[in-house]
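The values are calculated or read from the model by the stated rules, or taken from the named source; none is laboratory data. Note that the structure is predicted; figures quoted are calculated from it, not measured. Glycine also receives a Cβ, built like all others from the backbone with ideal geometry; neighbour counts cover every protein chain displayed.
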Amino acid sequence: MLSCLTQRTSRSSSSLLLKKCYHDYIRGFTPGGGVIRVPLVSPKVIGVVNSRGIRSHQEDFYSFVTLSLDPEELRLSVKKAHGVDWDPSSVGDVLARQAVFIGIYDGHGGSAVSQYLRQELHGLVESVNKSHIPELYAWIQEIGGYFKRFKGGALAPWINNPEDAPPLDLEARMTQAFFEVDQHLLALTVAHCGDTRVLLCSTDAGKVCPMTENHHADARVEAIRLRRMMGSSLITDSFGESRWMGALANTRCLGDLRYKKFGVTPEPEVRTKLLEGSEWAYLVLISDGISSILSDSEVVDLARNAPDPKTAAERILSFAEELGAEDNATVIVVPLAGWGKIQGPDSTRELREYRRMQAVGSERQRRM
């Protein structure tokens with residue numbers, strides 16, 4: 001799941017949307033006509049850490065680039081999702097076209113798909129063409145099974161006469177890109193993309209706003225979708241974990257064509273949120289090597305008061321490893337307008353200390 005976030009300052013003349021331009025920096029202009037480049041690779045701009053855990057190979061990958069999108073498409077997307085008629089001309093053509101794309105790819109059972117996504121997904125998101133949707137929809141229908149009753153979802157307006165339809169919005173663009181990359185992956189191994197977490201941290205006491213829901217068969221959204229189309233094929237394994245068709249923890253993924261007709265889909269769940277001024281401190285993306293150990297609130301609290309995003313990401317990974325994390329793990333921290341301005345108590349501090357002591361005690365017992 002990829003969340004498209006739009007940030008708007010309190011002054012309309014300074015409106016900023018996180019948008020597109022194929023580089024590892026954001027480009028803009030000073031009032032005097034000079035050029036500004038903000039490098040995404042700087043640990044003070046985006047903080048990233050990852051670990052392969054106890055595995056002999058790395059399956060987690062990530063990417064961040066700036067893309068270049070049609071400002072009109074972005075304007076329509078913001079208006080559709082939030083009722084705000086953003087004016088691209090207020091920031092100039094160069095900045096208005098730029099969108100920051102951040103992806104985190106957790107490959108289970110191999111790294112081939114997650115590596116491919118790191119290299120290719122952002123390019124597909126940028127280059128999709130609405131004229132290809134009818135052919136893509138025909139391919140989706142050929143899969144059969146679950147997709148016999150699939151009406152196109154976010155792509156529905158462009159299935160017939162796409163040239164006469166309006167421009168793509170961000171939800172449709174993401175959906176088309178996900179289906180197209182799934183087409184390209186028919187010969188590759190499984191990639192789980194259904195349980196990466198994307199979390200917003202508020203400056204109001206560090207409250208967390210999850211931007212994703214894990215795509216497990218027993219999750220509310222997935223249970224409704226699958227029962228409506230397929231009935232129930234949910235099986236609980238010997239460890240008490242729910243598995244779709246008795247095999248898959250995730251019911252949305254890129255790759256693994258053999259399960260597609262049984263309801264597993266590459267269709268992304270797309271959510272947007274308008275970020276007003278300094279209301280939000282930072283965005284955290286984590287793979288399930290972290291989320292399987294830490295709660296959402298613990299994750300965002302660990303990043304509090306860090307001097308920079310890189311240090312914040314390292315604190316999250318380090319604590320998860322203290323508690324026994326052994327899976328591949330990746331953390332990306334993106335500062336927002338409210339960075340360093342969180343007010344209120346750290347609500348999970350005592351819980352984290354208790355969990356740390358429990359982990360230390362368990363390790364001592366194991367060594368005795």
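Tell me which residues, restricted to region 195-217, are more than 12 Å from the chain's Cα centre (by Cα), buried (at least 20 other Cβ atoms within 10 Å of the Cβ), in a loop (DSSP other than H, G, I, E, B) and not aliphatic (A, V, I, L, M).
Thr203, Gly206, His215
Only helices (runs of 4 or more DSSP H) wholly contained in region 88-169 count here; list those with 3 or more residues that are closer than 30 Å to Asn50 by Cα.
Working: elements: 93-96, 112-127, 133-143.
Those helices (runs of 4 or more DSSP H) span 112-127.
For Asn214, all conditions in the list (1) touching a Gly at 6+ places or on another chain (Cβ under 8 Å); (2) modelled with pLDDT under 90; (3) farther than 30 Å from Ala303 by Cβ hold save one; what is the number of the exception?
All conditions are met except number (3).
Give the residue that is modelled with the lowest pLDDT, with candidates limited to residues of region 332-368 that are among the polar types (S, T, N, Q) and surrounded by 10 or more Cβ atoms within 10 Å (Cβ to Cβ).
Of region 332-368, the ones among the polar types (S, T, N, Q) are 343, 347-348, 358, 362, 365.
Okay, now just the ones that are also surrounded by 10 or more Cβ atoms within 10 Å (Cβ to Cβ), so 343, 347-348, 358, 362.
On the way: Gln343: 95, Ser347: 95, Thr348: 97, Gln358: 93, Ser362: 80.
Among those residues, the one meeting the criterion is Ser362.
Can you tell me which residues in region 57-91 are among the β-branched types (Val, Ile, Thr) and either under 20 Å from Ala177 (Cβ atoms) or modelled with pLDDT under 90 (or both)? Let's see the steps before the verdict.
Here is the first cut: in region 57-91, the residues among the β-branched types (Val, Ile, Thr) are 65-66, 78, 84, 91.
Answer for region 57-91, where residues must be among the β-branched types (Val, Ile, Thr) and either under 20 Å from Ala177 (Cβ atoms) or modelled with pLDDT under 90 (or both): Val65, Thr66, Val78, Val91.
Restricting attention to strands (runs of 3 or more DSSP E) lying wholly within region 221-300, give those where 3 or more residues are buried (at least 18 other Cβ atoms within 10 Å of the Cβ) and either at pLDDT below 85 or among the hydrophobic types (A, V, I, L, M, F, W, C) (or both).
Numbers: elements: 234-236, 242-244, 272-276, 280-286.
So the answer is 280-286.
Would you pick out the residues in region 51-87 that are assigned to a strand (DSSP E or B) and either under 30 Å from Glu276 (Cα atoms) or touching a Lys or Arg at 6+ places or on another chain (Cβ under 6 Å) (or both)?
Initial filter on region 51-87 (assigned to a strand (DSSP E or B)): 51, 60-68.
Hits for region 51-87 are Phe61, Tyr62, Ser63, Phe64, Val65, Thr66, Leu67, Ser68.
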